[in-house]
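Colleague: Quick one: the structure is below, questions incoming.
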Amino acid sequence: MTESGNGPLGGVRVVELAGIGPGPFAAMLLADLGADVVRVDRPGGAGLGIDPAKDITNRNKRSVLIDLKSPDGVAQVLDLVERADVLVEGYRPGVAERLGVGPEECLARNPRLVYGRMTGWGQDGPLAATAGHDIGYIAITGALGMIGPADGPPAIPANLLGDYAGGSLYLVIGILAALQHARSDGGSGQVVDAAIVDGTAHLTSMIHGMLAAGGWQDRRGANLLDGGAPFYGTYETADGGHMAVGALEKRFYAEFIGRLGIEDDAPGRDDLAAWGELRTAIAARFKTRTRAEWTEVFQDSDACVAPVLSLREAPAHPHLAARGTFVDDGGITQPAPAPRFSRTPGALRRPPARPGADTEEVARDWQTPGLVDPAAAHGSGAASTASGRTGRKDADS
């Protein structure tokens, strides 16, 4: 079996209707895995305000500029859909339908299409039509309420927990599962309704199990994994840095307090009434040295202690550097494609797509002349399905 540098999704075609946040990230992940992602950008941009040349969520993609509010634009998108395997959109419920590129229109043109929908609240429910952002989605699922100190407000985990973990990753999982079904004997396309509230709630499955079993208290800072335990948390160092401690297992904890130098004075870890005293002892000890000094103390140990690094510091960490977890491409330091594959590794093939820069190239490769000549997009449906998509499917199988 030969290796491919294009990733395991080589040959899969994806149409992404431009948006911001979790939709573009999901499409980037598909592109990192080798899919041919064509981003349909709108005149005037998506509104994020970032220089397109630095928006790495659009790496490995190509861009065409289409006005979906015009009949020509709708025809152009449907021409792309006809030749695609997947569509990704992140509009409010009903918007794609009003534009004329909803599931009904798209699946009529391409019955095996996987139509991926990325929203915060989902396609239905009392809040479906209202605006929202990551913080609200994770708030109502109980996830936000778990994060932060017992004596303070919930801590905001950027938009990683809702938008990207509960949103993008679940959309990608849904798309890949639906794609498998569509390509099976007797399979067909379908709609994937990926709601951030659903995905984030799903992420809390283990905690709900612990709660039901009496192993989790429904309040912040009182549990084993939320900072309640003094041997699972962060501590400030002498220079204002921080160290992260995750010494859960007893043998790792023994090494932790040994290297920290408090094994003879620390109260027993199983005495919950003494956790406050233990936390104070650990905190005081960490304040005696700098972050760099403690990093050296715990280096290559099983104490489960690591320095808390900033975004700019992280790429230089010896372990991440050795694995190539971050790469520099086009002058931008960025995370490398993940996960890794032994036979079909992903790669950075293209820099962030600039709106409309790839129109002619996509028109040629996807055999969609309507992208450069809008008149050609009208009435091309059935003929192009028979001559274009069928031939390509055979080539991909």
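The values are calculated or read from the model by the stated rules, or taken from the named source; none is laboratory data. All values reported here derive from a predicted model rather than from experimental measurement. So basically every Cβ, Gly included, is an ideal-geometry build from the backbone, and we count neighbours across all protein chains shown. Side chains included, ligands, DNA and RNA excluded: accessible areas come from the protein's heavy atoms. Shrake-Rupley method; radii C 1.70, N 1.55, O 1.52, S 1.80 Å.
Colleague: Let me know the whole percent of all Cα-Cα pairs from the stretch 117-178 that are separated by more than 13 Å.
Modeller: I get 65 percent for the Cα pairs in the stretch 117-178 exceeding 13 Å.
Colleague: Let me ask another. Note down, for the chain, the three equivalent ellipsoid semi-axes (square root of 5 times each alpha carbon gyration tensor eigenvalue), biggest first, whole angstrom.
Modeller: Equivalent-ellipsoid dimensions as semi-axes: 47, 23, 19 Å.
Colleague: Tell me, in nm to one decimal, what length is gained between ARG343 and PHE326 on full extension, where the rule is 0.36 nm per residue of separation less the Cα-Cα distance?
Modeller: Between ARG343 and PHE326, full extension yields an extra 4.1 nm.
Colleague: Across all directions of projection, what mean area in square nanometres is found for the Cα convex hull of the stretch 230-386?
Modeller: Averaged projected hull area, Cα only: 16.3 nm².
Colleague: Once amide H atoms are built 1.01 Å from N in the peptide plane, which residues 5 or more positions from HIS242, or in another chain, come under 5 Å H to H?
Modeller: Those qualifying (amide H under 5 Å, at least 5 residues apart or on another chain) are THR237, VAL308.
Colleague: Return the whole-Å distance between the Cα centroid of the stretch 282-310 and the Cα centroid of the stretch 230-271.
Modeller: When both Cα centres are located, 9 Å separates them.
Colleague: Shifting gears a bit: What list of ³J(HN,Hα) couplings, whole Hz, do you get for the stretch 57-63 from phi and the Karplus terms 6.51, -1.76, 1.60, once you set θ to phi - 60° and write x for glycine and proline?
Modeller: 5, 10, 6, 6, 10, 10, 10
Colleague: Just to check I understand the Karplus step: with θ = phi - 60° and J = 6.51 cos²θ - 1.76 cosθ + 1.60, what whole-Hz values come out for the stretch 127-133, glycine and proline as x?
Modeller: Values per residue, Gly and Pro as x: 9, 3, 8, 8, 6, x, 9 Hz.
Colleague: When all protein chains stay in place, what accessible area (Å², nearest 10, 1.4 Å probe) is found for HIS181?
Modeller: We get 80 Å² for HIS181.
Colleague: Set the Förster radius R0 to 22 Å, insert the Cβ-Cβ distance between GLU104 and ASP124 as r into 1/(1 + (r/R0)^6), and round the FRET efficiency to 0.05.
Modeller: Efficiency, rounded to the nearest 0.05: 0.85.
Colleague: Can you compute the radius of gyration and Dmax for the stretch 57-156, using only the Cα atoms, both in Å?
Modeller: 18.0, 57
Colleague: Given a 1.4 angstrom probe, what's the average accessible area per residue across the stretch 34-86, in square angstrom?
Modeller: 34
Colleague: For ILE50 and LEU311, compute 0.36 nm times the residue count separating them, minus their Cα-Cα distance, and round to one decimal in nm.
Modeller: Fully extending the segment from ILE50 to LEU311 adds 92.2 nm.
Colleague: Once both labels are modelled 7 Å past Cα along the beta-carbon direction, what's the LEU211-LEU248 spacing in nm?
Modeller: 1.8
Colleague: Could you state the orientation-averaged shadow area of the convex hull built on the Cα atoms of the stretch 200-262, in nm² to one decimal?
Modeller: Directional mean of the projected Cα hull area for the stretch 200-262 stands at 5.8 nm².
Colleague: Quick check of the Kirkwood formula: for the stretch 3-88, what is the inverse mean of 1/r over all pairs of different Cα atoms, in Å?
Modeller: 13.2
Colleague: Relative contact order for the chain: what percent, with Cα pairs under 8 Å and sequence separation of 6 or more?
Modeller: 22
Colleague: Whole Å is fine, so just give me how far the alpha carbon centre of the stretch 332-379 lies from that of the stretch 35-78.
Modeller: 10
Colleague: Continuing with this model, one more query. For LYS61, enumerate residues with amide H under 5 Å from its amide H, sequence gap 5+ or separate chain, H modeled in the peptide plane.
Modeller: ALA353
Colleague: How big is the Rg/Rh ratio for the stretch 166-323, C-alpha atoms only, Rh by Kirkwood, two decimals?
Modeller: Using Cα coordinates only, the ratio equals 1.12.
Colleague: What per residue convex hull volume, in Å³, comes out for the stretch 283-354 when only alpha-carbon positions are used?
Modeller: Here the figure is 136 Å³ per residue.
Colleague: Per 0.36 nm of contour for each residue apart, how much would the distance between ALA139 and VAL297 grow if the chain were fully extended, relative to their Cα-Cα spacing?
Modeller: Going from the current span to full extension adds 53.0 nm.
Colleague: Of the beta bridges DSSP finds with both residues in the chain, what % are antiparallel, to the nearest 5?
Modeller: 35
Colleague: Using DSSP to call loops (not H, G, I, E or B), can you name the chymotrypsin sites (Phe, Trp or Tyr not before Pro) in the stretch 176-247 whose Cβ has at most 15 other Cβ atoms within 10 angstrom?
Modeller: Here no loop site has a sparse enough neighbourhood.
Colleague: Over all alpha-carbon pairs in the stretch 111-221, figure out the percentage whose distance exceeds 22 Å.
Modeller: It works out to 43 percent of all Cα pairs.
Colleague: Same structure again: Per-residue counts of other Cβ atoms within 10 Å, averaged by peptide: what ranking do you get for 87-100, 244-257, 19-32, highest first?
Modeller: In descending order of packing, they fall as 19-32, 87-100, 244-257.
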